[in-house]
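Taking it in order: structure first as structure tokens, then the write-up.
We did not get these values from a lab; they are worked out from the coordinates using the rules stated. This is a predicted model, so every value here is computed, not measured. Cβ atoms come from the backbone with ideal geometry, glycine included; neighbour counts cover every protein chain shown.
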């Protein structure tokens, strides 16, 4: 894996708004490590969920719906909760509906669109898969840090998540 | 955005190999923050690259090829470098070929498959886009940490990246 930011010396970073310095060596190695862990972890967790015929996004939908009141959610809220576009979510829910995991239904008396419901089969699938997924998350990520590292990284990441959430809400 | 690991008390994590404990509150908030930052940052950087008609994976290909000797790479090596499946990379390179950014060519005297070359237009595109991308990476991620946080997170993430790379190589 390589990086998304090159230090290529032939490329100038001067712009109308002034210079943006390239990442220095320490910033660069951190940025590469972050990208690599994000990408490879996603790949590894996806692979381990495939055994259960689930994509990683399917699993996320199962979790979100299982935590929602009455195990259902308006499609627009589900799109927001899972940071997906409505069209992409719609395709995914169709696939999951065909697999018997969720059901799309209009809510009586609510004309603001469709709800996605977790089916009994979807709930049972989550119960079966969740312990395996927790094991994967621990083995490949969480258990590889000390408690001090976990707290320090949370402190560092939380404001960045907040910043990015705000930007996302605005778009 | 929600999490990929639920603490749902109704779900038991006992398995044939023994208990895997659920994430505790501190592990859980860290795991959620990591997922959220990964996902939202990818979204934000993608959005800012769209202005230049590039997907984030396209930009990565441009960077990797621009750093390769003679600005070209065997397709199989490019798939490894960008952690993509060969079939997915092939589709992507077709799109980028249609946009004039890369060229697929057989290498004379080498029968082990095709090479992807960066075109002059691809190189110029990267020169134009790179300063904007660095600005995005700084604004939404790197510049939001102290130098101490950057070093500490690199120390924590590097062994995890190494572990995941090894797993990936084995599969």
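Data overview
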item: Reciprocal of mean inverse Cα separation for region B:12-105 (Kirkwood radius, Å); result: 16.3
item: Region A:123-171 - Kirkwood radius from inverse mean 1/r over Cα pairs (Å); result: 13.2
item: Copy-to-copy label separations for residue B:99, where each label sits 7 Å from Cα toward Cβ, in nm and ascending; result: 3.0
item: Likely footprinting exposure, A:151, A:24, fewest C-beta neighbours within 10 Å first; result: A:24, A:151
item: Residue order, fewest to most beta carbons within 10 Å, for B:153, B:126; result: B:153, B:126
item: Quotient of C-alpha Rg and 2.2 N^0.38 Å, computed over region A:78-171; result: 1.45
item: Peptide ranges B:46-57, A:60-71 listed from the most packed, as the mean C-beta count within 10 angstrom indicates; result: A:60-71, B:46-57
item: When the convex hull of its Cα atoms is projected in every direction, mean area for the protein assembly as shown (nm²); result: 19.8
item: Chain B, relative contact order in percent, only Cα pairs under 8 angstrom and at least six apart counted; result: 17
item: Cα centroid of region A:111-171 to Cα centroid of region B:20-65, whole Å; result: 13
item: Helix A:120-140 axis, angle to chain A major axis (alpha carbon atoms, nearest 10°); result: 20
item: Shortest-first distances to equivalent copies, position residue B:53, nm, label 7 Å out along Cβ; result: 4.3
item: Nearest-to-axis residue of chain B, judged by beta-carbon position, where the axis maps B onto A, in Å; result: B:38, 2
item: 10 Å Cβ neighbours from other chains, averaged over peptide B:120-126; result: 1
item: Helix B:56-67 vs. chain B, principal-axis angle (Cα, 0 to 90°, nearest 10); result: 60
item: Label distances, nm, residue A:162 versus same residue in remaining copies, Cβ-directed 7 Å point; result: 3.4
item: Chain A: mean projected area of Cα convex hull, nm²; result: 13.9
item: Surface/4 of the Cα convex hull for region B:69-113, nm²; result: 3.4
